[in-house]
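The values are calculated or read from the model by the stated rules, or taken from the named source; none is laboratory data. Predicted model only: the values in this text are computed from it and were never measured. As a convention, Cβ positions derive from the backbone with ideal geometry for all residues, glycine included, and neighbour counts pool all protein chains shown. Accessible surface is based on the protein model in full, side chains and every heavy atom, while ligands, DNA and RNA are left aside. Shrake-Rupley method; radii C 1.70, N 1.55, O 1.52, S 1.80 Å.
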Amino acid sequence: MAGKVVVIDPGHNGGNSANPAEINKKVPAGRGQTKACNTTGTATNAGYTEHAFTWDVSVRVRELLAAKGIKVVMTRDDDTGVGPCVDKRAAIGNQSGAAAVVSIHADGSTSPGAHGFHIAYSAPPLNAAQGEPAKNLATALRDGLRTAGFATSTYIGTNGLSPRADLGGLNLSERPAALVECGNMRNADEAAVLSSPQGRQRYADAIAASIVEYLG
Ligand SMILES: [Zn+2]
């Protein structure tokens with residue numbers, strides 16, 4: 001485990017909402033498409049933001065992985081900046097030679113009763129890393145979160161896995177990459193877990209253990 005590199009990509013950023021021109025500019029998103037540089041992310045009904053959630057969980061995951069001797073690279077340094085754009089985030093993963101790249105998000109569906117986590121990965125794959133390695137990483141994360149007692153999504157994907165062709169960060173990755181949507185911030189029960197430090201530690205414990213399992 002020691003010496004392996006893992007990239008943790010905390011979704012969004014605290015300065016995004018105040019800088020729409022910068023985050024709305026189009027960047028390459030893979031498969032010949034362009035997409036907005038980044039987005040503001042969602043929030044709970046009480047106003048706890050996704051960017052704060054992803055940053056907090058990512059810091060907790062970094063601490064757990066670093067304790068195993070894993071070198072953790074983050075795609076942003078704090079929760080007060082802007083971006084980086086999705087193509088830059090993918091480039092950070094590619095340039096680091098990461099054994100795994102894990103993006104951390106939470107969803108914001110207002111669909112009644114919608115809850116649960118899902119793991120997205122690039123499909124159909126655009127390179128070898130996006131094939132079996134990415135699918136295995138996504139599956140390890142799904143299994144780890146399920147073992148930790150988190151329910152799989154009732155409204156996206158199948159059994160907690162969601163193959164996607166439209167996510168720029170995953171499309172542009174040349175390393176095994178997966179994106180964790182930890183839960184639905186607009187669901188009251190799940191918002192309570194996502195908003196609590198204890199809940200975020202549970203997510204971090206499960207994500208870190210899944211990455212360690214994947215790295216084998
Ligand atoms: Zn997000």
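Quick look at the numbers
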{"quantity": "Å² per residue, accessible surface of the chain at 1.4 Å", "calculated": "42"}
{"quantity": "Under the span-like rule (Cα at least 15 Å along the axis, Kyte-Doolittle mean at least -0.5), DSSP H helices of the chain", "calculated": "50-66, 197-215"}
{"quantity": "For K88, net neighbour charge (Lys/Arg +1, Asp/Glu -1) across residues whose Cβ lies under 15 Å away", "calculated": "+1"}
{"quantity": "Label-to-label distance, nm, for residues given as S17 and V5 (7 Å Cα→Cβ offset)", "calculated": "3.4"}
{"quantity": "Contour excess over end-to-end distance, with Cα ends at A192 and K25 and 0.36 nm allotted per residue", "calculated": "56.7 nm"}
{"quantity": "The chain - percent of accessible surface contributed by carbon and sulfur, probe 1.4 Å", "calculated": "51"}
{"quantity": "Cα gyration tensor shape for the range 1-108, rounded if a/c is under 1.5, else prolate or oblate", "calculated": "oblate"}
{"quantity": "The chain: Cys lacking any partner C-beta under 4.7 angstrom", "calculated": "C182"}
{"quantity": "Antiparallel %, DSSP beta bridges [both residues in the range 5-215], to 5", "calculated": "30"}
{"quantity": "Reach of K4 by Cα under 24 Å, taken over lysines that are not fewer than 8 positions away in the same chain", "calculated": "K68, K71, K88, K135"}
{"quantity": "Accessible area (Å², 1.4 Å probe, nearest 10) - K4", "calculated": "80"}
{"quantity": "Magnitude of the charge dipole, the range 80-216, Cβ model with Lys/Arg +1 and Asp/Glu -1, debye to 20", "calculated": "100"}
{"quantity": "Gained length - R164 relative to D205, 0.36 nm times residue gap less alpha-carbon distance", "calculated": "12.2 nm"}
{"quantity": "Among beta bridges that DSSP assigns inside the range 1-119, antiparallel share in %, nearest 5", "calculated": "35"}
{"quantity": "Gyration tensor (alpha-carbon) shape descriptor, the range 5-215, a/c threshold 1.5", "calculated": "rounded"}
{"quantity": "Per-pair calculated FRET efficiency, R0 = 35 Å: Y155 and K71 via Cβ, rounded to 0.05", "calculated": "0.45"}
